[in-house]
Amino acid sequence: MNNILVYCELDAARVAEVSLELLSKGRELADRLGVQLEAVALGGDLSSVEAQVYPYGVDTLHIFEDKRLSPYTTQPHTSVLCKLIKEEQPQIFLIGATVVGRDLAPRVSSTLGSGLTADCTALEIGDYEDKKSETRIENLLYSIRPAFGGNIVATIVNPHHRPQMSTVREGVMPLVKCRPDTYRGNTVKHNVEDYVTTADFAVGIIERHVQRQENNLKGAAVVVAGGYGMGSKENFDMLHTLAHLLHGEVGATRAAIDAGYTTHDRQIGQTGVTVRPKVYIACGISGQVQHISGMQESSIIISVNSDPDAPINAIADYVVTGRVEEVIPKFINFYQQKQ
């Protein structure tokens, strides 16, 4: 049918936010190509999935409900998806670049021989000039991702194999509801036994422990981020104090993390997370493109930097020129007095 298919990752009965982000992008791509958007969900209790996904523009939802499919295990999910893809023949198949997605997508692409672009930060539709056959192939998926440690941005196309597969990072696609919450598309409930064998369940989960991420960078209304220009771990610690006063979270550039100022889970940018807070305070951050791509959609950007010509100042709404070790304590003192 050559539609677009999105894998909906589930945490219990809740659809992962990255999957909803992919549905939003998938709807946009489907409209551009003039095709339908399909979604697939596998798990033990899928009664609430329809209400979660249909507002994002899904035309058809494929349901595989079986308690053996939850929690996630590799082989049965791979078998189901591979057979479904052979039946539906989507031209594009998208999966979130989560722990589950990074395990599942390579298995599916290897089984189907389709190829895979991992950890994408953008998806577009475009044309491709095949120099070997001297033909122009229209309406291919452009899978865009950072490469060589984030030093370049690569655009990857797959002109000769289907489906075109990509995993996409969390937070890089905006959530856009395009249908009323009451909208319902076409739900297809499949018989799981037709897609799996007993051997698919040879490995099972005996015990499961989930450790939640300590910070909430993606959901924070205020982010105080530091770069290499903070100068030391001791100076960087001031950002935690300021973020606490503002009820926000602390982020960092890759250079700050490489210098040991904070932990990797706080990295913002092409090789980290993408954030869209109401207020983003960039402290000692020069503004390399790798970092800017992860925060440029913040509502208000405040730059604190000793260099008045720092690249980040060009996208900042407000610029404070001064040494961070002098400016940040003044911010902290001001908000402490207000409380």
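The values are calculated or read from the model by the stated rules, or taken from the named source; none is laboratory data. Everything numeric here is computed off the predicted structure, so don't read it as measured data. Here the Cβ positions follow ideal geometry from the backbone for every residue, glycine too, while neighbour counts run over all protein chains shown.
Only one of these is in the same structural domain as Tyr228 (by TED's automatic domain parsing) and either under 15 Å from Gly226 (Cβ atoms) or charged (D, E, K, R) (or both): Ser299, Ser286. Name it.
Details: Ser299 fails: either under 15 Å from Gly226 (Cβ atoms) or charged (D, E, K, R) (or both).
Going through Ser299, Ser286 in turn, just one is in the same structural domain as Tyr228 (by TED's automatic domain parsing) and either under 15 Å from Gly226 (Cβ atoms) or charged (D, E, K, R) (or both): Ser286.
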Checklist line | Selected residue (only one of Met165, Met173 is within 30 Å of Gly269 (Cβ to Cβ) and at pLDDT 90 or above) | finding: Met165
Checklist line | Among (1) modelled with pLDDT of 90 or more; (2) closer than 27 Å to Gln337 by Cβ - the single one Asn215 does not satisfy | finding: (1)
Margin query: Within segment 112-130, does at least one residue satisfy the condition of being without any contact (Cβ under 8 Å) to a residue 40 or more places away in the chain and closer than 30 Å to Leu69 by Cα?
Written below: no
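For Tyr142, state whether it is free of Cβ contacts under 8 Å to residues at least 40 places away in the same chain and either outside any strand (DSSP E or B) or over 22 Å from Glu88 (Cβ atoms) (or both).
Numbers: free of Cβ contacts under 8 Å to residues at least 40 places away in the same chain: yes; either outside any strand (DSSP E or B) or over 22 Å from Glu88 (Cβ atoms) (or both): yes.
Yes; evaluated as a whole, the condition is true for this residue.
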Next item on the list: Take segment 207-230 and flag every residue that is in a loop (DSSP other than H, G, I, E, B), under 20 Å from the mean Cα position of the chain (by Cα) and either closer than 30 Å to Arg323 by Cβ or touching a residue at least 12 places away in the same chain (Cβ under 8 Å) (or both).
Entry: Gln213, Glu214, Asn215, Asn216, Leu217, Lys218, Ala220, Ala221
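Which is in the same structural domain as Ser110 (by TED's automatic domain parsing) and either within 21 Å of the chain's Cα centre (by Cα) or aromatic (Phe, Trp, Tyr) (or both), of Leu46, Leu23?
Values: Leu46 fails: either within 21 Å of the chain's Cα centre (by Cα) or aromatic (Phe, Trp, Tyr) (or both).
Answer to the selection: Leu23.
Which of the residues spanning segment 187-206 are outside any loop (DSSP other than H, G, I, E, B) and surrounded by 12 or more Cβ atoms within 10 Å (Cβ to Cβ)? Walk me through it before giving the result.
Filtering segment 187-206 down to residues outside any loop (DSSP other than H, G, I, E, B) leaves 187-189, 192-194, 198-201.
Answer for segment 187-206, where residues must be outside any loop (DSSP other than H, G, I, E, B) and surrounded by 12 or more Cβ atoms within 10 Å (Cβ to Cβ): Thr187, Val188, Val192, Asp200, Phe201.
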Checklist line | Hey, Pro71 modelled with pLDDT under 95 and either of a type outside the set (Ser, Thr, Tyr) or over 23 Å from Asn139 (Cβ atoms) (or both) or not | finding: yes
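For segment 274-323, what are the residues that are charged (D, E, K, R) and under 25 Å from Ser232 (Cβ atoms)? Give the derivation first.
Taking segment 274-323 and keeping what is charged (D, E, K, R), we get 276, 278, 297, 307, 309, 317, 323.
Hits for segment 274-323 are Asp307, Asp309, Arg323.
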Next item on the list: Spot the failing condition for Thr155; the list is (1) polar (S, T, N, Q); (2) more than 30 Å from Arg266 (Cα to Cα); (3) not in a loop (DSSP other than H, G, I, E, B), and only one is missed.
Entry: (2)
Next item on the list: Select from segment 231-272 the residues that are touching a residue at least 40 places away in the same chain (Cβ under 8 Å) and among the polar types (S, T, N, Q) and write down the one among them that is nearest to Glu326 (Cα to Cα).
Entry: Asn235
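Specify which of the listed residues (Gln91, Gln164) is surrounded by 17 or more Cβ atoms within 10 Å (Cβ to Cβ), more than 20 Å from the chain's Cα centre (by Cα), assigned by TED's automatic domain parsing to the domain that holds Asp59 and in contact (Cβ under 8 Å) with a residue 40 or more places away in the chain.
Working: Gln164 fails: more than 20 Å from the chain's Cα centre (by Cα).
Exactly one of Gln91, Gln164 is surrounded by 17 or more Cβ atoms within 10 Å (Cβ to Cβ), more than 20 Å from the chain's Cα centre (by Cα), assigned by TED's automatic domain parsing to the domain that holds Asp59 and in contact (Cβ under 8 Å) with a residue 40 or more places away in the chain, namely Gln91.
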Next item on the list: Among the numbered conditions (1) at pLDDT 90 or above; (2) in contact with a Leu (Cβ under 7 Å, 6 or more places away or on another chain), tell me where Pro277 comes up short.
Entry: (2)
Note to self: Could you list, ordered by first residue, the pairs with Cβ atoms under 7 Å in which the first is in segment 95-109 and of a type in the set (Lys, Arg) and the second is crowded, with 23+ Cβ neighbours inside 10 Å and in a strand (DSSP E or B), at least 6 apart or interchain?
What the structure shows: Arg102/Thr167
Note to self: Could you go through segment 243-257 and let me know if any residue there is farther than 30 Å from Gly57 by Cα, of a type in the set (Val, Ile, Thr) and outside the structural domain of Ser303 (by TED's automatic domain parsing).
What the structure shows: no
Next item on the list: Taking the residues in segment 292-323 that are of a type in the set (S, T, N, Q) and in contact with a Pro (Cβ under 9 Å, 6 or more places away or on another chain) as candidates, determine which candidate is surrounded by the fewest Cβ atoms within 10 Å (Cβ to Cβ).
Entry: Ser299
Note to self: Here is a list: Val289, Val210, Val275, Val222. Which entry is of a type in the set (A, V, I, L, M), surrounded by fewer than 20 Cβ atoms within 10 Å (Cβ to Cβ) and under 21 Å from Thr98 (Cβ atoms)?
What the structure shows: Val210
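Condition check: more than 20 Å from Ala30 (Cα to Cα) and within 22 Å of the chain's Cα centre (by Cα). Does Val153 satisfy that? Quick ask: steps written out before the conclusion?
Details: more than 20 Å from Ala30 (Cα to Cα): yes; within 22 Å of the chain's Cα centre (by Cα): yes.
When the stated conditions are applied, Val153 passes them.
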